[in-house]
Amino acid sequence: MGQGLESVQIRLPNHLGIAGAVFTSSKAINIPYAYADLRFNPAFDKKTGFFTRSILCTPIINKNGKTIGVTQVLNKRGGPFTAEDESRLRAFTAQISIALENAKLFADVQNMKNYNEAMLESMSNGVLTLDDSGKIVTCNAAGLSILRARPEQILQRPPQEFFGPENDWLLEKLRHVEETAATEVTMDAELSIEGERVSANVTLTPLFSMEKKRMGSMLLIEDISSEKRLKSTMSRYMDPGIADRLVASGTEALGGQSVPATVLFSDIRSFTTISEQLGAQGTVALLNEYFTLMVDCIQREDGMLDKFIGDAIMAAFGIPVSHQDDADRAVRASIAMIRELGAWNAQRAADGKRPVDIGIGLNTDSVVSGNIGSKKRMDYTIIGDGVNLASRLESACKQYGAHILISEFTCKQLRGTYRTRELDLVVVKGKTQPVAIHEVLDYHTEESYPQLIDALGYFRDGLAKYRAGRWSDARALFSQVLSLNPADKSAKLYVERCDYLAENPPGDDWNGVWVMESK
């Protein structure tokens with residue numbers, strides 16, 4: 001920066017020219033005749049229109065001994081610069097060093113102040129600070145919003161005037177912090193603001209300077225009113241994890257609504273026999289262990305456990321928070337349930353205990369979810385035809401010897417690839433329209449179902465022949481499936497159907513639909 005020149009600013013690399021030499025060496029340079037010194041660049045004179053005769057340049061050194069700049073004076077009147085001039089300039093640059101350091105420190109402090117203020121204003125929690133005289137000196141935007149106040153209503157006022165006798169507990173804690181210099185934390189407290197109750201987590205902490213001198217206090221207010229109300233309501237219906245997700249999603253207060261979801265039903269086979277053998281205590285222990293395994297599989301895929309119905313489990317995927325792949329999540333959870341059950345049964349067999357078998361039914365449909373019950377006892381649940389069909393499919397697992405049955409509606413929603421086969425067209429009890437049902441077989445290993453891929457091909461072709469009324473051809477293909485896996489109950493069922501229909505032809509209106517007489 002130049003003074004006395006038309007061009008007030010000249011830029012050059014810090015290692016070039018007279019100034020660069022002084023900056024890099026930290027030694028003063030006194031040149032009586034500039035144009036006689038090779039280090040002088042006349043181009044600057046041409047740029048400024050100034051004629052340089054003599055130069056005195058000294059380094060600016062801070063208190064840590066670091067060179068932070070140079071001071072250069074030109075054209076002393078009456079001849080070259082003397083040693084006395086150099087001494088005076090060195091003393092002058094010492095003052096310049098202090099000024100530059102202070103300017104930099106001020107800029108740093110200002111930047112930090114601006115950063116802190118921006119950070120406070122962006123916080124969702126209210127932050128109030130009190131000076132050492134006890135007056136409120138700052139309150140961020142969130143604090144004004146929580147306290148429903150304007151700046152002039154709260155700033156430069158003692159807390160007693162603003163909070164009043166309705167919040168004596170807060171004033172008492174503030175006095176305690178001032179006396180003890182210890183932080184006070186109060187969770188789920190109630191503030192009275194303009195006659196309304198605000199639930200908040202409140203933290204009071206003392207403020208100290210760098211010299212450990214007391215500067216005042218800080219009050220941090222986290223408003224949990226809406227979250228507390230919603231969580232309190234939802235805790236009556238579902239586990240805390242699902243309640244947290246619903247609160248985080250910003251969904252409005254609970255109420256009945258029609259939503260697409262995939263419903264899961266599972267049930268233990270021959271549970272009555274098992275419970276009779278185990279007795280009351282043994283049955284409870286078995287169910288607790290079983291439910292723990294199964295619910296973990298459901299919750300890993302973000303499913304909502306709706307309820308336990310005896311030994312049965314009812315769950316839903318897509319409620320209360322929907323995903324693009326809820327049908328896949330339900331299928332993956334079902335596969336995990338069968339696999340976990342297999343591992344658990346292996347442990348039970350090693351302990352000499354009876355294995356547990358289950359069936360699972362899945363259906364995707366629009367269901368009604370919401371609060372059902374009375375004012376004294378409510379249940380957050382789902383109802384509708386989609387729920388009933390999932391229950392029917394779970395029961396149908398017994399007839400087909402399957403572990404996982406899904407409806408055509410769930411099958412159409414799947415995004416992933418699974419080993420499945422269409423099993424039948426059925427009319428479930430209480431319905432008139434047929435529904436295609438599919439069996440999911442991904443849980444099988446080569447040991448549990450040998451040559452599965454080949455068997456799926458034979459079964460698919462056999463089903464096509466069956467629906468075309470070609471009983472003999474269909475029977476042969478289903479027999480091929482049985483030759484690969486004699487334990488395939490569905491293939492055995494179709495062999496029996498083919499034999500029956502060959503002896504008792506169904507007529508010209510045959511459409512391949514099977515009517516289920518039982519639930």
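Data overview
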{"item": "Condition broken by residue 352, with the remaining ones in (1) free of Cβ contacts under 8 Å to residues at least 12 places away in the same chain; (2) farther than 26 Å from residue 286 by Cα satisfied", "result": "(2)"}
{"item": "Test: residue in region 447-460 that is surrounded by fewer than 21 Cβ atoms within 10 Å (Cβ to Cβ) and in contact with a Ser or Thr (Cβ under 6 Å, 6 or more places away or on another chain)", "result": "no"}
{"item": "Scan of region 52-74 for residues that are in contact (Cβ under 8 Å) with a residue 24 or more places away in the chain and out of contact with any Phe, Trp or Tyr (no Cβ under 8 Å at 6 or more places or on another chain), ordered by number", "result": "57, 58, 60, 61, 62, 63, 68, 72"}
{"item": "Residue 334 being at negative phi, among the hydroxyl-bearing types (Ser, Thr, Tyr) and modelled with pLDDT under 95", "result": "no"}
{"item": "Meets criteria (on the phi > 0 side of the Ramachandran plot and outside the structural domain of residue 489 (by TED's automatic domain parsing)) for residue 386", "result": "no"}
{"item": "Enumeration of residues in region 143-160 that are in contact (Cβ under 8 Å) with a residue 40 or more places away in the chain and surrounded by fewer than 13 Cβ atoms within 10 Å (Cβ to Cβ)", "result": "148"}
{"item": "Elements of type strands (runs of 3 or more DSSP E) in region 171-233, at least 2 residues being touching a strand residue (DSSP E or B) at 6+ places or on another chain (Cβ under 6 Å), β-branched (Val, Ile, Thr) and modelled with pLDDT of 85 or more", "result": "184-193, 196-208"}
{"item": "Counted residues, region 281-295 - those being in contact with a helix residue (DSSP H, G or I) (Cβ under 6 Å, 6 or more places away or on another chain) and free of Cβ contacts under 8 Å to residues at least 24 places away in the same chain", "result": "1"}
{"item": "Of all residues making up region 320-375, the number that are farther than 24 Å from residue 293 by Cβ and part of a strand (DSSP E or B)", "result": "10"}
{"item": "Selection count, region 493-511, where residues are buried (at least 16 other Cβ atoms within 10 Å of the Cβ) and under 54 Å from the mean Cα position of the chain (by Cα)", "result": "5"}
{"item": "Residue in region 402-414 that is in a loop (DSSP other than H, G, I, E, B) and either surrounded by fewer than 16 Cβ atoms within 10 Å (Cβ to Cβ) or outside the structural domain of residue 297 (by TED's automatic domain parsing) (or both) present", "result": "no"}
{"item": "Residue that is more than 21 Å from residue 258 (Cβ to Cβ) and acidic (Asp, Glu), where the choices are 302, 328, 306", "result": "328"}
{"item": "Count - residues of region 71-87 that are in a helix (DSSP H, G or I) and either surrounded by 15 or more Cβ atoms within 10 Å (Cβ to Cβ) or not assigned by TED's automatic domain parsing to the domain that holds residue 25 (or both)", "result": "2"}
{"item": "First in region 427-453 and touching a residue at least 40 places away in the same chain (Cβ under 8 Å), second anywhere and assigned to a strand (DSSP E or B) and of a type outside the set (A, V, I, L, M, F, W, C), Cβ under 7 Å, 6 or more apart", "result": "435/407; 437/407; 437/424; 439/420; 439/421; 440/420"}
{"item": "In region 115-155, residue nearest to the chain's Cα centre (by Cα) [restricted to those that are polar (S, T, N, Q) and in a helix (DSSP H, G or I)]", "result": "122"}
{"item": "Some residue of region 487-509 being aliphatic (A, V, I, L, M), without any contact (Cβ under 8 Å) to a residue 40 or more places away in the chain and touching a Cys at 6+ places or on another chain (Cβ under 9 Å)", "result": "no"}
{"item": "Given (1) outside the structural domain of residue 341 (by TED's automatic domain parsing); (2) surrounded by 17 or more Cβ atoms within 10 Å (Cβ to Cβ), number of the condition residue 438 does not satisfy", "result": "(1)"}
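The values are calculated or read from the model by the stated rules, or taken from the named source; none is laboratory data. Since the model is a prediction, treat every value here as computed from it, not as a measurement. Cβ: placed from backbone, ideal geometry, glycine included. Neighbour counts: every protein chain shown.
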